[in-house]
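The values are calculated or read from the model by the stated rules, or taken from the named source; none is laboratory data. Bear in mind the structure is a predicted one, so any value in this text is a computation, not a measurement. So basically every Cβ, Gly included, is an ideal-geometry build from the backbone, and we count neighbours across all protein chains shown. Just so you know, the surface numbers come from the protein's heavy atoms only, side chains and all, with ligands and any DNA or RNA stripped out. Shrake-Rupley method; radii C 1.70, N 1.55, O 1.52, S 1.80 Å.
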Amino acid sequence: MSDTDPELEARLAEADEFEPPEAFVEQANVVDPELYETFEENWPDCWERAAALLDWTEPYDEVLDDSNPPFYEWFTGGSLNASANCLDRHLEARGDEPAIEWVGEPTDEANRTYTYNDLHRRVNEFAAGLRELGVGEDDVVTMYMPMIPELPIAMLACARIGAPHSVVFAGFSADALATRMAAADSEYLVTADGYYRRGDPLDHFAKATEGLAEVPHETTTVVVDRLRERDGFGHDLGAGQYDWETLLTDHAGETVEPVARDAEDMLFLMYTSGTTGEPKGVKHTTGGYLSWVSWTAQAVLDVKPEDTYFCSADIGWITGHSYIVYGPLALGTTSVMYEGTPDYPDRDRLWEIVEDVEATQLYTAPTAIRAFMKWGTEYPDRHDLSSLRLLGTVGEPINPRAWKWYYTHVGDESCPVVDTWWQTETGGTMLTTLPGIGAMKPGAAGPPLPGVDAQVVDAEGEPVDAGEAGYLTLQKPWPGMLRTLYRNDERFVEEYWATYSDTDSDDPDDWVYFPEDGAKVDGDGYVTVLGRVDDVINVSGHRLGTMEIESAIVGVEGVAEAAVVGGAHDVKGEAVYAYVITEDGQTESEAFREEIVAAVEDAIGPIARPERVVFTPELPKTRSGKIMRRLLEDVANDAELGDTSTLRNPDVVEDIRDAVRGDDD
Ligand code: WT7
C-alpha cells in the first residue's frame, strides 16, 4: 500500500461516516427517505415499483404467491420478454444511442460501439441463427466466451427465443465447462477462438474443444472469430461447429418475434461453487430477476439513460449479468464493456477508459481497489476522472482504508461509494446505502434496501445485539431471489433454508434464507459482512469451493489427502492454502508442488491456483476424524491457534505452522 499519502492519512483520522455529496443528491434517482417505511408498510406490493420499470406482454395477477415456501413465485400470471425489455422498447427514443461501448484490450483497436439499433439487429440475427441450429424454448445454451460484445448479444438472443443461457466464465478450465454443460444437459455452446490477455492472444478454442470432448452428449457449437483477423490465429471447424459471422450473414436483417415468457420462466442458469465438489446451478427467472436488477441499477447505481455506466466485472460472473447486461440495458443506458485487465498496458488503463468514454459510474471490486492503492495515486492522477458521479464496490468486504482511498483518489470526494452486498443467488443488491439518501460508513455495506428484511442472528436464529457477530439472514423473500438449484430442489432447501427454517411448515414466516455469511449490525442498522461461514473461500471476489479444489488435488497421483482453506491476502482478500499429505514413496519436491498447482488449474482454472502448497505428514483431526479447518486457517493467517484440545493429534498443528513459517524464510 502506498505509505506516504498525507492526504489519505489525514482523512483516515477523521469521522467514519460520510454524507452523500449534495450535488449528487440533487440529481439522484431516489431521494425519498420515507421509502424504507412505505416499502415495509406495503410489502409485498411495494415490488410493483420494480415491476413497473418493465414492459409486460401480459400483466401479472399477483405480486407474490407464497403458498408453497420456499418455492416462492413472483408476478404470477404475467408474461414478458427480457430481450424486448432490454432492446425493442428503447428503439424509438434511443435507437441511435450507444447501448454497448466496447473497449478491446489492444490499445490500437478502435472501440466498438453498438447503438440500440445495432444491438437489436445483431440479437435478432443471432436469434434467427440459433433457431436454425435447432434451439427451441427452454433449451439451455452454454456460453464460454471472453468479454466481447458477442457475449451479451448471444445472451439476449437466447432470451428473445426463450432459451435459458448458462454462461461459464472464460477463465474456467475445460473440465469446468464440461461439468456445467453435462449438468444442464446443454446441447449448444457459443464460444470464441480466443481473446487477448496482457498483449498476448490466448487460444480459447483449444480449451473449449477439450471441454466439449468430455461432454457425454452431442453438441452444436458456434465460434466467434475474435483473433483470426488480427493474428491469423486460425482454427478449423468440425462437424456441428458453425462460424458466428457466417451464421449472422445468413440471417442478415431478419427479425425474430420476442417470445412471451411467463414471469417465472427461467431466464438463465448460473453455476456457482458450494460446499460440495458439485457446482450449484442457480436458477433465475424472467420477471422477478429483471425487475430486481432494473430497480437496483436505478436506485443504487443511479443509472439514467443518458449515462455512460462502467462496470469492470466479467460477464462470466453474476455481477456482469445483472449490472453490465440486464439492469443497465433494461434502463436504456450505455454500458461499457472492457476486454482486458486494469494493468495492461499500464496500471492506468481503467482510468484511461473512464476519461476516454467519460464514464459516469464505476462499479468494481475491492480486490481491484486494493491493487490500485498498492500501485499508487500517480495512475488515477494522470487522468481526468471528473465525469464520475458514483462509485460502487461488490464481491467481498472492503476495508475502510481502501474505501477511503477510492472515495478520495477516484471519486475526488464528490461521488458516493455504494458498497453492495449480494450473491449469485440474490440476483442483485440486497444491502447497501441508497446513494442519494443514506450516510456511508466505510467498511459496512449498509442497511438492507427498502423492502429487504435482513437480520443478524445467533446459532438459534435469535437476533444478536448491535455490535455482536452473528449470521446474516434474509427473513422475507424478494423478487430477484433464485427459485431453486437446477433440478435439485432438495439441495436448494438444504443449502439455503434448512438452517433457520421450520421446513415442515407452509407458513412463509417460518422460512428464513441463509446466505452463509457472518455479519454484525450497528445501532443504526448498518450491516458489516464478515465473510463466508461455509467451506467456500472468496479469492479476488470470486467464490471457490474448497472441496472442489481438494478433489482436484487428491486426483494427483502421489497425493494421499488434502485440505484447502483460505488465508488472508492483501490484494486478493483470500488466497488458497493447500495442505497436502503425500503417499509413501512420493518425494515432496518443488516439481511435485507444481504438478499439484497445475492439476488445480486444469480442474477449475487459474483463479483457483494455490498460493501455498504445504506438505505435511498429518492433518489436524478431531477424534471422529473431521479435519479442523479453523486451525488450518489460523496457520494460513499466522494467527494465534484456536483450541486444539479436541484434536486427536494436537501437536501436528504446530508442526504445520513451523513448516509454513519455515517456507516463508
Ligand atoms: C459472496 C457472494 C455479488 C456478486 C459477486 C460475488 C461476498 C459480495 C460483498 C460485500 C462483503 C460481499 C459474500 C457473498 N460479498 N459482496 N459488498 N461485502 N461481502 O458473488 O460469487 O455469489 O459471492 O461474496 O460472502 O456471500 P458470489
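Take the conditions touching a residue at least 60 places away in the same chain (Cβ under 8 Å) and either within 30 Å of Y513 (Cβ to Cβ) or crowded, with 16+ Cβ neighbours inside 10 Å (or both) and apply them to V140. Does it pass? Yes. Residue pairs whose Cβ atoms lie under 6 Å apart, sitting 6 or more positions apart in sequence or on different chains, and linking a residue in the stretch 479-497 that is in contact (Cβ under 8 Å) with a residue 24 or more places away in the chain to a partner that is open to solvent by less than 20 Å² (accessible area, probe 1.4 Å) and among the small types (G, A, S), are P479/G288; P479/S291; G480/G288; G480/G427; G480/G428; L485/G281; Y486/G281. Only a single item in (1) among the small types (G, A, S); (2) under 22 Å from D535 (Cβ atoms); (3) in a helix (DSSP H, G or I) is not met by G662, and it is number (2). Only one entry in A263, A239, A252 is more than 30 Å from N538 (Cα to Cα), in contact (Cβ under 8 Å) with a residue 60 or more places away in the chain and surrounded by fewer than 18 Cβ atoms within 10 Å (Cβ to Cβ), namely A252. Residues in the stretch 551-571 that are in contact (Cβ under 8 Å) with a residue 40 or more places away in the chain and either touching a Phe, Trp or Tyr at 6+ places or on another chain (Cβ under 6 Å) or within 20 Å of M628 (Cβ to Cβ) (or both): S551, I553, E561, A563, V564, V565, G566, G567, A568. Residue selection: V571 satisfies the criterion of being outside any strand (DSSP E or B), in contact with a Lys or Arg (Cβ under 7 Å, 6 or more places away or on another chain), on the phi < 0 side of the Ramachandran plot and assigned by TED's automatic domain parsing to the domain that holds D655.
Applying the set (1) farther than 30 Å from A178 by Cβ; (2) acidic (D, E); (3) modelled with pLDDT of 90 or more; (4) not in a loop (DSSP other than H, G, I, E, B) to D602 leaves exactly one unmet item: (1).
Just so you know, in the stretch 494-549 the residues that are within 11 Å of the ligand (Cβ to nearest atom) and basic (K, R) include one that is nearest to the chain's Cα centre (by Cα), and it is R543. Of all residues in the stretch 171-191, those satisfying the criterion of being more than 18 Å from L151 (Cα to Cα), of a type outside the set (S, T, N, Q) and open to solvent by 10 Å² or more (accessible area, probe 1.4 Å) are D175, A182, A183, D185. Taken over the stretch 371-404, the criterion of being part of a helix (DSSP H, G or I) and either within 16 Å of the ligand (Cβ to nearest atom) or open to solvent by 10 Å² or more (accessible area, probe 1.4 Å) (or both) is satisfied by A371, K374, W375, E378, Y379, D381, P400, R401, A402, W403, K404.
Does L431 fit the bill of being open to solvent by less than 10 Å² (accessible area, probe 1.4 Å), within 16 Å of the ligand (Cβ to nearest atom) and in contact with a Pro (Cβ under 6 Å, 6 or more places away or on another chain)? Yes. Restricting attention to the stretch 265-294, which residues are in a helix (DSSP H, G or I) and away from the ligand (no atom under 16 Å from the Cβ)? Within the stretch 265-294, T286, G287, G288, L290, S291, S294 qualify. The number of residues in the stretch 445-455 being open to solvent by less than 10 Å² (accessible area, probe 1.4 Å), more than 7 Å from the ligand (Cβ to nearest atom) and either assigned to a loop (DSSP other than H, G, I, E, B) or at pLDDT below 95 (or both) comes to 2. Can you confirm whether E278 is modelled with pLDDT of 95 or more and either surrounded by fewer than 21 Cβ atoms within 10 Å (Cβ to Cβ) or over 25 Å from the mean Cα position of the chain (by Cα) (or both)? When the stated conditions are applied, E278 does not pass them. In the stretch 41-123, counting only strands (runs of 3 or more DSSP E) that sit wholly within it, the ones holding 1 or more residues that are modelled with pLDDT of 95 or more, more than 30 Å from F492 (Cα to Cα) and open to solvent by less than 20 Å² (accessible area, probe 1.4 Å) span 98-103.
The residues listed here are A10, A15; of these, the one that is closer than 22 Å to P447 by Cα, modelled with pLDDT under 95 and surrounded by fewer than 17 Cβ atoms within 10 Å (Cβ to Cβ) is A15.
Scanning the stretch 605-623 for residues that are over 21 Å from the mean Cα position of the chain (by Cα) and either more than 27 Å from L641 (Cα to Cα) or assigned to a strand (DSSP E or B) (or both) yields R612, V613, V614, F615, K621, T622. Of the residues making up the stretch 131-169, those that are over 19 Å from A208 (Cα atoms) and outside any loop (DSSP other than H, G, I, E, B) are R131, E132, I153, L156, A157, C158, A159, R160, I161.
Taking the stretch 349-370, which residues are within 14 Å of the ligand (Cβ to nearest atom) and not charged (D, E, K, R)?
If the condition is that a residue be within 14 Å of the ligand (Cβ to nearest atom) and not charged (D, E, K, R), then Y363, T364, A365, P366, T367, A368, I369 are the ones that fit.
Once the stretch 411-428 is narrowed to residues that are out of contact with any Ser or Thr (no Cβ under 9 Å at 6 or more places or on another chain) and farther than 29 Å from W497 by Cα, the residue that is farthest from the ligand (Cβ to nearest atom) is E413.
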